[in-house]
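Worksheet for the structure shown next.
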Amino acid sequence: MTKALTATQKRNLWLGLLAGPLAWATYFTAGYLFLETACRHATPIANVVGLAWPSLVIVLLTIATLLLIAYAGRYTYHWWLQADVPEYGRFMAQAGTLLSALFALIVLLTGLPVLFLPPCTFVP
Amino acid sequence: MEVTREERPNIQTSIVPEGQTPVTAGTTAHQALERVWDDPPGFIGRLCALQNDTLGKRIMGTAFAFFLIGGLLSLFMRLQLAIPENDLLGPDTYNQFFTMHGSTMMYLFAVPMLEGFTILILPFLLGSREMPFPRLGVFSYFTFLFGGILFYTSFLFGSAPDAGWFAYTPLSGPEFSPGLGMDFWLLALSVAEIGAIAAGVEIIIAILKMRAPGMTISRMPLFAWATLVMAFSILFAFTPLIVGSLLLELDRQFGTRFFDPTAGGSTLLWQHLFWIFGHPEVYIQFVPAAGMVSMIVPVFARRPAAAYPFVATSLVAIGFISFGLWVHHMFTVGLPQAAMTFFAVASILIALPSGVQVFAWMATIWAGRPVWKTPFFFVVGSLIIFILGGITGVMVGSPPFDWQVHDSFFVVAHFHYVLVGGVTFPIFAALYYWLPKFSGKLLNETLGRWHFWLLFIGFNLTFFPMHIAGIQGMARRVYTYPADMGLDLANLIATGGTFLQAAGILVFLANLVYSHYKGEAAGNNPWSADSLEWATTSPPPNYGFAVMPIVRSRHPLWEQAELHQGNERVEKLVHALSLWPTKWRAALITSAQDARPEEVFRVAGPSIWPFAAAVTMTVIFTAEVFRLHLLTLVGVLGLVISIIGWHWPEKAPTTAEEEAAFAREHGIPVYANGSRAVSRSAMLLTILLLAIALSSFLFSYFYIRIEHSEWPPAGIAEPPALLLPAVAAAILLASGAAMAWAQRAIEQNRRRRLQIRLAIAFALGIAALAVQLYDYSQLPFDWQGHAYGSLFYVLGGFAILWLLTALIMNGMIQFWAWQRRYSARHRWTVENAALYWFAMTAGWLITFATLYLSPHLT
């Protein structure tokens with residue numbers, strides 16, 4: 001027997017559904033604008049713990065975003081597995097989990113290249 | 001034409017006996033309902049007509065006419081390119097033709113066509129009676145029509161736009177395009193874009209709030225998911241383009257310097273603003289087309305769509321990721337390497353959710369037993385072409401490859417494979433599939449096959465050779481090419497293919513005419529389809545559904561023997577709504593997630609004002625093309641009057657007692673004077689739109705700012721004085737408090753206090769405006785000397801305009817409050833105006849903090 005969801009639970013389902021994409025969007029905008037700014041005015045680029053400092057900032061930003069998405073994904077995954085949640089609630093939880101997984105992958109792959117490439121070289 | 005049982009053995013879940021797909025119930029109030037939902041007669045009536053099927057068909061018809069014109073232009077271009085060193089068109093005309101072809105197909109065909117389709121079928125698909133803002137639909141249609149006509153009148157002045165559909169600065173700026181051509185491009189298309197945004201707003205609300213009871217978010221047809229994503233993307237993408245167009249037009253007419261690097265501006269800023277729109281634009285077209293395919297594939301594969309949650313999810317994912325790709329159009333401009341990888345990763349990974357769609361369609365076909373009718377041919381053709389375009393898309397998503405083929409015919413081949421495969425073919429599939437519902441006549445199958453094969457073969461002949469020509473070095477946007485470069489054969493084949501495609505389109509037109517006169521009757525459900533629109537007659541009655549369906553499945557017509565069974569209370573409600581009210585247009589609001597009935601509200605009826613608003617809007621933009629600023633002012637005045645007339649409250653068609661009786665009986669409120677949920681959603685979307693516009697302005701500000709090491713630039717200005725803007729901001733904050741206080745008054749039903757407090761907020765708003773304007777009058781720089789000044793005036797101007805609209809709204813509310821139209825029960829208009837006022841205050845604070853405070857901080 002499923003039970004009706006409260007207004008708070010419904011709101012949390014929306015948040016869970018959109019958490020991954022929104023976290024990525026914030027990460028993407030912040031990271032890109034940061035690089036555009038940092039690479040224009042901060043020459044020469046200092047190294048911190050073996051990485052150019054803009055790269056280090058991106059790495060930290062990537063880790064923070066991944067943690068946030070993981071938290072949201074864990075939350076929706078938990079909902080998805082519950083049997084007494086109405087069908088639409090489980091659907092939203094499933095969609096939220098899938099979106100979190102996809103956007104975690106995108107954030108990870110976006111953050112990786114700074115480990116291998118000099119961040120501020122202007123190409124081509 | 002009924003599909004027989006042998007052809008649909010795979011619907012294992014179906015409990016509906018063959019040939020008896022359920023139909024919606026009738027009502028004894030049929031005639032009264034038919035009358036109240038009908039469009040008014042006569043010529044004026046046609047300008048007021050607002051039924052979703054009338055508007056949908058109009059938008060689609062107009063978009064198709066633009067498709068034919070755009071196609072005709074491409075025939076001439078291909079003739080020009082058929083042989084090397086040809087001089088049929090010459091460079092100037094060729095520039096105009098490719099600009100007009102691209103702009104027409106993107107702005108005047110694909111987006112309106114898909115929005116028109118959505119407006120046409122959405123209410124039937126969702127089991128509701130109408131779109132939430134039919135008048136906005138009217139406005140949207142006429143702005144689109146007038147914008148398109150204005151765009152093409154440029155040919156009559158011999159100055160068609162010729163800077164490409166992306167209109168790069170400085171080529172499109174005042175120095176290198178001094179004629180009227182670019183003004184036509186910027187202003188006429190802005191009119192059409194405003195129409196697109198208007199339609200987007202109502203599509204979002206229709207999908208989220210106006211579904212049949214029981215159609216939970218997990219039972220929504222995939223087309224609804226797709227158009228929801230499309231509509232949100234339109235809001236987020238078209239707004240930056242309108243802002244960019246405004247800035248460029250200001251550069252061209254009023255001497256601002258946004259895109260002029262010699263005065264601190266940035267040409268790259270235009271590329272950013274354009275492509276923040278331009279790339280999502282591709283997905284704005286692909287996503288709804290994918291939604292169409294997702295509706296058609298299961299019907300012809302004779303089984304439910306595979307992987308529904310994955311498909312719905314990936315539509316949402318595509319909507320988001322499509323906003324993280326724009327710089328891949330700018331890979332060759334010179335970017336920090338790490339920033340470039342951001343866009344490369346997103347460009348390549350968007351293939352994942354797109355691939356999920358394709359694999360889900362293939363799985364559905366694989367597991368089903370396909371019935372090969374014309375719509376299905378077009379779907380399969382679309383799959384083949386789109387997959388090829390998607391693969392070359394992944395290739396050009398990689399910067400090193402992109403540097404090689406950028407601006408070559410390889411890219412032309414790539415995006416035609418994506419757009420024709422991903423958009424045009426699905427649109428034709430959808431026309432064959434859905435038109436019979438609205439015309440009552442099936443299109444001819446034989447002609448349909450001819451249409452398909454001519455188009456499919458012609459398309460591949462045209463565009464496949466372009467991949468090779470592009471890799472061999474053939475540049476796009478150049479009117480000819482030298483002989484003996486090995487490009488001759490590929491070009492000749494391409495030109496031949498274009499004419500095959502044209503023949504295909506002619507066959508389609510013949511099919512339309514043929515079926516109009518001799519088409520086979522369609523019946524309710526010619527394809528034995530699963531979604532609600534097929535439960536009505538073809539063509540459907542004015543009111544759509546007399547008794548609203550109650551949905552218990554993703555495939556109601558396959559899995560529900562009866563369409564009006566459900567929870568006892570809801571059953572009683574939908575039957576009651578078929579009998580009352582019959583004197584006004586009642587529609588049901590349901591909750592976004594679980595589609596529970598929430599309220600009954602009155603949908604607006606026919607009015608001439610939306611047409612007037614579209615006309616005056618067009619007057620404004622046309623006057624600006626020809627630099628008739630006085631006429632612009634007349635247009636603005638007319639627009640304000642039209643909008644006030646549009647929203648003028650009508651006399652309540654019910655009494656409070658009637659509403660209360662219905663509410664007692666059925667447990668949900670009735671708002672014949674305007675819905676709370678719908679008007680609140682519309683206000684939130686309006687605010688979202690303004691927030692996106694503000695973000696675009698702020699992006700422009702900071703983008704130009706980071707190109708300068710000193711800000712304000714030395715010799716242009718000193719960091720601005722803070723006192724007066726701080727005073728203005730404080731006064732405006734106080735006005736916000738007064739507005740909140742006014743809202744409190746009407747909650748407590750204190751009408752007198754409401755009037756006083758609204759007046760206080762109004763006066764404080766005026767005071768803030770006066771202080772800020774005084775400060776502007778003291779500025780030691782103007783908007784023409786440097787981009788810094790341009791930004792200062794235009795960003796501030798945006799906030800001031802926002803305040804002016806809030807003042808007008810406040811004035812209207814005061815007038816109606818004085819007429820005692822508001823009470824604790826009817827207070828939504830006041831609440832919405834207050835919300836708008838708060839948002840305006842926040843926008844003001846952010847804008848002026850940016851202009852005055854940020855130079856002190858850096």
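The values are calculated or read from the model by the stated rules, or taken from the named source; none is laboratory data. This one's a predicted model, so the numbers in the text were calculated from it and none came from an experiment. A quick note on method: Cβ atoms are made from the backbone with ideal geometry, for glycine too, and the neighbour counts reach across all protein chains shown. Ligands, DNA and RNA are excluded from the accessible area calculation, which covers all protein heavy atoms including side chains. Shrake-Rupley method; radii C 1.70, N 1.55, O 1.52, S 1.80 Å.
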Exercise for the section: Can you tell me which residue among A:LEU17, A:LEU35 is out of contact with any His (no Cβ under 8 Å at 6 or more places or on another chain), open to solvent by less than 30 Å² (accessible area, probe 1.4 Å), farther than 19 Å from B:PHE342 by Cβ and at the interface with chain B (Cβ under 9 Å from one of its Cβ atoms)? Expected result: A:LEU17
Practice task
Evaluate the following for B:VAL293: is it within 24 Å of B:THR21 (Cβ to Cβ), β-branched (Val, Ile, Thr) and at pLDDT 95 or above?
Solution key: yes
Exercise for the section: Would you check if B:SER681 is assigned to a helix (DSSP H, G or I), out of contact with any Gly (no Cβ under 7 Å at 6 or more places or on another chain), open to solvent by 20 Å² or more (accessible area, probe 1.4 Å) and within 30 Å of B:LEU208 (Cβ to Cβ)? Expected result: yes
Practice task
Mind counting the residues in the range B:270-302 that are farther than 26 Å from B:ALA110 by Cα and in contact with a helix residue (DSSP H, G or I) (Cβ under 6 Å, 6 or more places away or on another chain)?
Solution key: 1
Practice task
Those residues that are touching a Phe, Trp or Tyr at 6+ places or on another chain (Cβ under 6 Å) and closer than 15 Å to B:PHE139 by Cα, I need them from the range B:54-84; list them, please.
Solution key: B:LEU55, B:ARG58, B:ILE59
Problem - Any helices (runs of 4 or more DSSP H) falling wholly within the range B:377-467 and containing at least 3 residues that are within 14 Å of chain A (Cβ to nearest Cβ) - result: B:399-405
Problem - Filter result (open to solvent by less than 10 Å² (accessible area, probe 1.4 Å), within 11 Å of chain A (Cβ to nearest Cβ) and assigned to a helix (DSSP H, G or I)) within the range B:348-358 - result: B:PRO353
Exercise for the section: Kindly indicate the residue of the range B:317-326 that is at the interface with another protein chain (Cβ under 10 Å from one of its Cβ atoms) and crowded, with 23+ Cβ neighbours inside 10 Å and also farthest from B:TRP270 (Cα to Cα) among those meeting that condition. Expected result: B:ALA317
Fill in the blank from the handout: Going through the range B:765-777 in order, the residues found to be open to solvent by 50 Å² or more (accessible area, probe 1.4 Å) and in contact (Cβ under 8 Å) with a residue 24 or more places away in the chain are B:ILE766, B:LEU773, B:TYR774
Problem - From the options B:ALA521, B:ALA503, B:ALA529, residue that is buried (at least 21 other Cβ atoms within 10 Å of the Cβ) and not hydroxyl-bearing (Ser, Thr, Tyr) - result: B:ALA529
Exercise for the section: Check B:LEU81, B:LEU150, B:LEU88 and return the single one that is free of Cβ contacts under 8 Å to residues at least 24 places away in the same chain, among the aliphatic types (A, V, I, L, M) and either more than 30 Å from B:GLU34 (Cβ to Cβ) or touching a strand residue (DSSP E or B) at 6+ places or on another chain (Cβ under 9 Å) (or both). Expected result: B:LEU88
Exercise for the section: Answer with yes or no whether A:PRO124 is farther than 29 Å from A:LEU5 by Cβ, facing chain B (nearest Cβ under 10 Å) and crowded, with 17+ Cβ neighbours inside 10 Å. Expected result: no
Exercise for the section: Determine whether the range A:57-76 contains at least one residue that is facing another protein chain (nearest Cβ under 9 Å) and either in contact with a helix residue (DSSP H, G or I) (Cβ under 7 Å, 6 or more places away or on another chain) or buried (at least 20 other Cβ atoms within 10 Å of the Cβ) (or both). Expected result: yes
Handout entry: Scan of the range B:191-239 for residues that are more than 19 Å from B:ALA110 (Cα to Cα) and within 15 Å of the chain's Cα centre (by Cα), ordered by number
Key = B:ILE205, B:ALA206, B:ILE207
Problem - From the options B:GLN501, B:GLN472, residue that is of a type in the set (S, T, N, Q) and within 19 Å of B:THR424 (Cα to Cα) - result: B:GLN501
Handout entry: Positions within the range B:609-653 being closer than 19 Å to B:GLY147 by Cα, outside any helix (DSSP H, G or I) and under 25 Å from the mean Cα position of the chain (by Cα), in sequence order
Key = none
Practice task
Please verify whether the range B:701-719 includes one or more residues that are open to solvent by 50 Å² or more (accessible area, probe 1.4 Å), closer than 30 Å to B:VAL574 by Cα and assigned to a loop (DSSP other than H, G, I, E, B).
Solution key: no
Exercise for the section: State whether the residues of the range B:762-780 include one that is in contact with a Pro (Cβ under 7 Å, 6 or more places away or on another chain) and either part of a helix (DSSP H, G or I) or hydrophobic (A, V, I, L, M, F, W, C) (or both). Expected result: yes
Problem - Any pair with Cβ under 8 angstrom, 6 or more apart, that starts in the range B:327-341 at a residue that is more than 7 Å from chain A (Cβ to nearest Cβ) and within 20 Å of B:PRO280 (Cα to Cα) and ends at one that is open to solvent by 20 Å² or more (accessible area, probe 1.4 Å) and assigned to a loop (DSSP other than H, G, I, E, B) - result: B:PHE331/A:PRO124; B:PHE331/B:HIS406
Problem - Filter result for the condition that a residue is aromatic (Phe, Trp, Tyr) and surrounded by fewer than 18 Cβ atoms within 10 Å (Cβ to Cβ), over B:TRP403, B:TRP361 - result: B:TRP403
Handout entry: Verdict on B:SER190 being under 25 Å from B:GLY264 (Cβ atoms) and touching a helix residue (DSSP H, G or I) at 6+ places or on another chain (Cβ under 9 Å)
Key = no
Completion exercise
Pairing a residue in the range B:476-490 that is touching a residue at least 24 places away in the same chain (Cβ under 8 Å) with any residue that is small (Gly, Ala, Ser) and surrounded by 18 or more Cβ atoms within 10 Å (Cβ to Cβ), where Cβ atoms lie under 6 Å and the two sit 6 or more apart in sequence or on different chains, gives B:LEU487/B:ALA469; B:ALA490/B:ALA469
Exercise for the section: Return yes or no: is B:SER695 polar (S, T, N, Q), under 23 Å from B:GLY796 (Cα atoms) and not in a loop (DSSP other than H, G, I, E, B)? Expected result: yes
Problem - Matching residues in the range B:299-309 - criterion: being outside any loop (DSSP other than H, G, I, E, B), more than 7 Å from chain A (Cβ to nearest Cβ) and open to solvent by 10 Å² or more (accessible area, probe 1.4 Å) - result: B:TYR308
Handout entry: Test: residue in the range A:74-83 that is part of a loop (DSSP other than H, G, I, E, B) and modelled with pLDDT under 95
Key = yes
Exercise for the section: Look through the range A:80-104, keep the residues that are closer than 13 Å to A:LYS10 by Cα and out of contact with any Leu (no Cβ under 7 Å at 6 or more places or on another chain), and return whichever of them is farthest from the other protein chains (Cβ to nearest Cβ). Expected result: A:VAL85
Completion exercise
Residue pairs within 8 Å by beta carbon, gap of at least six or interchain, first lying in the range A:60-75 and among the aromatic types (Phe, Trp, Tyr), second part of a helix (DSSP H, G or I) and open to solvent by 50 Å² or more (accessible area, probe 1.4 Å), listed first then second, are none
